[in-house]
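The structure appears below as structure tokens.
The values are calculated or read from the model by the stated rules, or taken from the named source; none is laboratory data. Because the structure is a prediction, the values reported are computed rather than measured. Reconstructed Cβ throughout: ideal geometry from the backbone, glycine too, with neighbour counts over all protein chains shown. The protein model used for the area step is the full one, side chains on, heavy atoms only, and it has no ligands, DNA or RNA in it. Shrake-Rupley method; radii C 1.70, N 1.55, O 1.52, S 1.80 Å.
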Amino acid sequence: MANWQSQLDQLIRPAVRQSEATDELLIAPGATRQTGAVARRVTDKPRALIMADDAGFGAAGDAVVASLADAGFQTETLVLPSDPLPKAAVTTAEPFRARLAEDNELFPVSVGSGVINDLVKYAAFQTNQRYLTVATAASMDGYTSAGAPLAKEGFKVTIPTRAPIAMIADLDVLATAPAEMTGWGYADLSGKMPAGGDWIIADALNIEAIDDNAWPLVQNHLRGWLAGPAGILKGDIDAVARLFIGLTAVGFAMEFHGSSRPASGADHQIAHMWEMEDHSHNGRKVSHGAAVAVGCVAALSVYDWLIKQDLTQLDVDATLATAPDIDARLRTVRKDIPDPYVAAKSEQEVRAKHLGRVDHRARLELLVSVWPDIRSRLCSHLLRAEDMIGMLREANAPAFAHQIGVSPDHLLRTLRAAPHIRRRYTVFDLLHETGLTEQALKHVMPLLGPKRTEATE
Ligand SMILES: [Zn+2]
């Protein structure tokens, strides 16, 4: 039995049983042909509305429609153009939402990958319906998660919604998805490595405890899922299955923990900055996975630097003496983030995590006392940036900012601004509170620039 099949039994099936949202999940070669049978088990509606974009519909649409018709559903399709790619924004979901709102007898079915699934998830939730998702690429971790990361008035937020009641992942379809998209999924999964580091820090500093249900579901298997990136690129079914199981487990971990903490840390904050800027490279919007890959390498590089520091020697009085107060910090937010709407939202996030003098002292004193423990946990958990760069390269995912058209100046701006956009505590908050941000950035920036890449190629 392939290793992924045993993970399906030991990891994913128990997660489906535990899930309050998802009742049916099928990951198998040829699974699309069972869409109708699965849908029949989860709904008694007479009609199905198949929502997709051209690319997703092309990958599996006909088989999904045929299977639903065989199971007795009347079918209707609503397909968005995929050139340009549909935007991950609340407004893009409007046609889906409007059609579902008109007809209460329609069972929503999503056929596609990241953005389409999020749009349908959002539209179904807005109209108080459960939906079925047919995954067409192992390109991200959000199929089974409860949140929909969509832009609302220009600010990217994870909108609380409901995970699908059923998911179909046809391994034959996933293995023939464009290699680039599978690389994005690999990259999205790579971000769980520094995200785990961020959670270790937040746990050790009594900010957000590690959840012993969600943590092992992702972190105990992560190195295995990330092993063998070359097979993913070749569309090897076993490698793609392993990757997809990893992405699916992450989705459940988010549901069980009740937030995206198990999946998203500093790496995702960096990626969200570029997503909110609608950053494009070579005339195309940069994908979530590609942005996360670059964020992941940046975050791991910061970690490589951090674990070499001896924070037991931190001068707490001197650090507090130069720490900015909230007004100074908010001025920095407005300087780092030119968009006034995003800056205003970020101010709320920064206010939520800013520590007054007394709490800041307590935080630093705790950090000094537990640093040897944090350091050793980080050392045993994290991959080094250098190793991750090699693995991302094998998966044909980017690792450096210039590969996605982000200049060194732009990268530096992003690294400074990224922690402002979320209250979630990450390695960047630790750097901020210890006054080490600029020192760390000065060290890592040359490692993340184009010169560095040429030297290693
Ligand atoms: Zn992600």
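Structure summary
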item	result
Residue that is open to solvent by 20 Å² or more (accessible area, probe 1.4 Å), touching a strand residue (DSSP E or B) at 6+ places or on another chain (Cβ under 9 Å) and either part of a strand (DSSP E or B) or not assigned by TED's automatic domain parsing to the domain that holds E20 (or both), where the choices are T75, T133	T75
Any chance A202 is assigned by TED's automatic domain parsing to the domain that holds V292 and surrounded by 24 or more Cβ atoms within 10 Å (Cβ to Cβ)	no
Test: residue in segment 287-297 that is part of a helix (DSSP H, G or I), in contact with a Gly (Cβ under 8 Å, 6 or more places away or on another chain), more than 10 Å from the ligand (Cβ to nearest atom) and over 28 Å from Q7 (Cβ atoms)	no
So D188, is it in the same structural domain as S369 (by TED's automatic domain parsing) and at pLDDT 95 or above	yes
Scan of segment 171-187 for residues that are open to solvent by less than 10 Å² (accessible area, probe 1.4 Å) and either more than 14 Å from the ligand (Cβ to nearest atom) or of a type outside the set (F, W, Y) (or both), ordered by number	L171, L174, T182, G183, G185, A187
Residue within segment 313-335 that is modelled with pLDDT of 95 or more, open to solvent by less than 40 Å² (accessible area, probe 1.4 Å), within 30 Å of S380 (Cβ to Cβ) and part of a helix (DSSP H, G or I) present	yes
Among (1) closer than 22 Å to Q10 by Cα; (2) within 16 Å of the ligand (Cβ to nearest atom), the one test that R223 misses	(2)
Filter result (within 14 Å of the ligand (Cβ to nearest atom) and surrounded by 23 or more Cβ atoms within 10 Å (Cβ to Cβ)) within segment 244-259	G246, L247, T248, A249, V250, G251, A253, M254
Any hit, segment 367-390, residues being more than 30 Å from L226 (Cβ to Cβ) and not acidic (D, E)	yes
Complete set of residues in segment 232-243 that are surrounded by 24 or more Cβ atoms within 10 Å (Cβ to Cβ) and either within 14 Å of the ligand (Cβ to nearest atom) or among the small types (G, A, S) (or both)	A239, A241, L243
Counted residues, segment 136-155 - those being surrounded by 21 or more Cβ atoms within 10 Å (Cβ to Cβ) and assigned to a strand (DSSP E or B)	4
Residue identified as touching a helix residue (DSSP H, G or I) at 6+ places or on another chain (Cβ under 6 Å) and at pLDDT 95 or above among V42, V109, V79, V38	V79
Residues (in contact with a helix residue (DSSP H, G or I) (Cβ under 6 Å, 6 or more places away or on another chain), among the polar types (S, T, N, Q) and within 14 Å of the ligand (Cβ to nearest atom)) located in segment 115-163	S139, T144, S145
Wholly enclosed helices (runs of 4 or more DSSP H) of segment 181-249 bearing at least 1 residues of a type in the set (A, V, I, L, M, F, W, C) and farther than 22 Å from D387 by Cα	192-204, 214-219
Close pairs from segment 45-74: first among the aromatic types (F, W, Y), partner open to solvent by 50 Å² or more (accessible area, probe 1.4 Å), Cβ under 9 Å, at least 6 apart	F57/T77; F57/V79; F73/R40; F73/R47
Residue check for D83: open to solvent by 60 Å² or more (accessible area, probe 1.4 Å) and either under 24 Å from the mean Cα position of the chain (by Cα) or hydrophobic (A, V, I, L, M, F, W, C) (or both)	yes
Scan of segment 141-173 for residues that are closer than 19 Å to G191 by Cα and of a type in the set (S, T, N, Q), ordered by number	T144, S145, T158
Residue list for segment 355-367, filter: open to solvent by less than 80 Å² (accessible area, probe 1.4 Å) and either farther than 17 Å from V427 by Cβ or in contact with a strand residue (DSSP E or B) (Cβ under 7 Å, 6 or more places away or on another chain) (or both)	G356, H360, A362
